[in-house]
Amino acid sequence: MALNVKLEVFEGPLDLLLHLIEKNKVDIYDIPIVLITEQYLDYIKQMESEDMNVMSEFLLMAATLLDIKCKMLLPKEVDEEGEEVDPREELVQKLLEYKMYKYMSFELKDMHMGAERFVYKHETLPEEVKKYRPPIDYDYLLGELNLQSLHRIFQETLKRKEDKIDPIRSQFGNIEKDEIELEAKTEYIKNYILSHDRLGFRDLLEKQNSKMEIIVTFLVVLELIKVGIIVIEQDHIFDDIIICVCDDAESRMHLADFDV
């Protein structure tokens, strides 16, 4: 009476090699190639598989083991640095990589099974809590925004205007008195701010054509801040100061009627 033996199923030739190494309790870095090859070939002889792709993988590994076995019987090869080349080195690297991925798959499987024990609930916050907004810290928002910052931007703008002047050619021609109509300039600034609602203070100063226009513009903006018609904002220290018109209609009406 024949004895039926049921073989273990392995995922591939590397899986079979790892099984044989662990079964014989040998060092993976010093594989006894003769012993492992014999056991591997014994397993191949007992395999019965109709899938030629699977069988070809196991047969290819068998050929690799026989090739390594033959190389180990020959004199040792030496590399460029004068060190002996171990024919098993490439196979050992493949086995180590396969072993690492195999145990990683076990970890992922355990995590997947463990995740089934967790239950999540949807958000059920009351509407009052969702609508709550923490109070605004105006001191934090303003930071170092003050008249000194305005003065610094004013000085930087003046210096930028002076740097554009040719020190030689600026001496040519006639010197004319810089005359500005205060009412007309004030009206221009009011209309410009109303048409933009939100603009940079530096951009407003740079649109002026002379030093006197910059001074008048600076004074008009300070007066508008003083009477509460406009507000200024600054996101970060040393950023441009932003001029904003107050949202309420009364402030806009004051701005239209404002006169220096």
TODO: Answer yes or no as to whether residue 44 is β-branched (Val, Ile, Thr), at pLDDT below 85, part of a loop (DSSP other than H, G, I, E, B) and touching a Leu at 6+ places or on another chain (Cβ under 9 Å).
DONE: no
Open item on the list: When the residues of segment 209-255 are narrowed to those that are surrounded by fewer than 12 Cβ atoms within 10 Å (Cβ to Cβ) and within 15 Å of residue 195 (Cα to Cα), which ends up modelled with the highest pLDDT?
Closed with: 247
Open item on the list: Of all residues being among the charged types (D, E, K, R) and within 39 Å of the chain's Cα centre (by Cα) in segment 183-232, which is nearest to residue 149 (Cα to Cα)? Just the residue, please.
Closed with: 202
TODO: Please verify whether segment 226-241 includes one or more residues that are under 16 Å from residue 156 (Cα atoms), in contact with a Leu (Cβ under 9 Å, 6 or more places away or on another chain) and not in a helix (DSSP H, G or I).
DONE: yes
Task: 1 or more residues β-branched (Val, Ile, Thr) and loosely packed, with under 11 Cβ neighbours inside 10 Å: qualifying helices (runs of 4 or more DSSP H) within segment 76-143 - done: 127-131
Open item on the list: Looking for something at pLDDT 75 or above and part of a loop (DSSP other than H, G, I, E, B) - is there at least one such residue anywhere in segment 146-159?
Closed with: no
Task: Single residue of 116, 107 found to be within 47 Å of the chain's Cα centre (by Cα) and under 22 Å from residue 14 (Cβ atoms) - done: 107
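The values are calculated or read from the model by the stated rules, or taken from the named source; none is laboratory data. This structure is a prediction, so every number in the text was calculated from the model and none was measured. Here Cβ is always computed from backbone atoms with ideal geometry, including for glycine, and neighbour counts include all displayed protein chains.
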